[in-house]
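None of the figures in this text is laboratory data; all of them are computed from the coordinates on show. No experiment lies behind these values; they were computed from the predicted model shown. Every residue, glycine among them, receives a Cβ derived from its backbone with ideal geometry; neighbour counts consider all protein chains shown.
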Amino acid sequence: MAGCLILRSVGAKTVKRKLLLIVLAAFVGTASLVVAAVQDGWDVPEDAKAVESPFAADDEVIAEGATLYQRNCRMCHGESGKGDGPATARIKPAPPDITTAEAQDRMSDGEMFYKITVGKRPMREFESKLSEDERWNMVHFLRTLRAG
C-alpha cells in the first residue's frame, strides 16, 4: 500500500510538472506573438497594403524623394534609414532599420505610403504636410536604401 502511494505521489508530481511546462510554453508563445506585433506596431489595412504607386520611379522622382527624406525623416531615421538619426536619443521607441531585406520585403509600397501618410507616435503624419505625389516619391526613394 505504501508503495502505491509513493507511485501516485511521483506520478502526480510528473503530471503537474508536465502541465506546468505546457502552460509555460503556451504563455511564452503567446507573449512572443504579442511582442512581435508590438515591435512593428502598425495596423495597416489590407486595402492600403495593396495600393500601388501611380507612377514609376525614375531619377527625378528618386531625387525628389531623397530631398524630402533629408528634410523630413533624416533626424529620426538617420542618413541612410538605419534608425540611427540624431533625434533617436529623445525618441522612444527609436525608429527601426528600414534598409534590411526583411523590412523591405515585409512592406509593400502601399504599406510604406500608408505609414508615411498617417504616421504613428512618435512619427508624425505627413498627409497634411506632403502632397500625395511627394509621399510616393519618398516611397520610391526608400526602396533605394535597401541594404545589399
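Quick notes on this structure:
- Extension gain for the segment Lys18 to Asp105, taken as residue separation times 0.36 nm less the Cα-Cα distance, is 27.4 nm to one decimal.
- Fully extending the segment from Ile91 to Val51 would add 11.4 nm, taking 0.36 nm per residue of separation and subtracting the current Cα-Cα distance.
- Placing dummy labels 7 Å off each Cα toward the beta-carbon, the span from Ser131 to Glu60 is 1.2 nm.
- Within straight-line reach of Lys120, meaning a Cα separation under 20 Å, sit the following lysines at least 8 residues removed in sequence or on another chain: Lys49, Lys82, Lys92, Lys129.
- Qualifying GluC sites (Glu not before Pro) in the stretch 74-148, where qualification requires a DSSP coil assignment and no more than 16 other C-beta atoms within 10 Å, comprise Glu79, Glu125, Glu127.
- For the stretch 46-143: Kirkwood Rh in Å [reciprocal of mean 1/r, alpha carbons]: 13.5 Å
- Ranked by how many other beta carbons lie within 10 Å on average, peptides 52-61, 83-92 from highest: 83-92, 52-61
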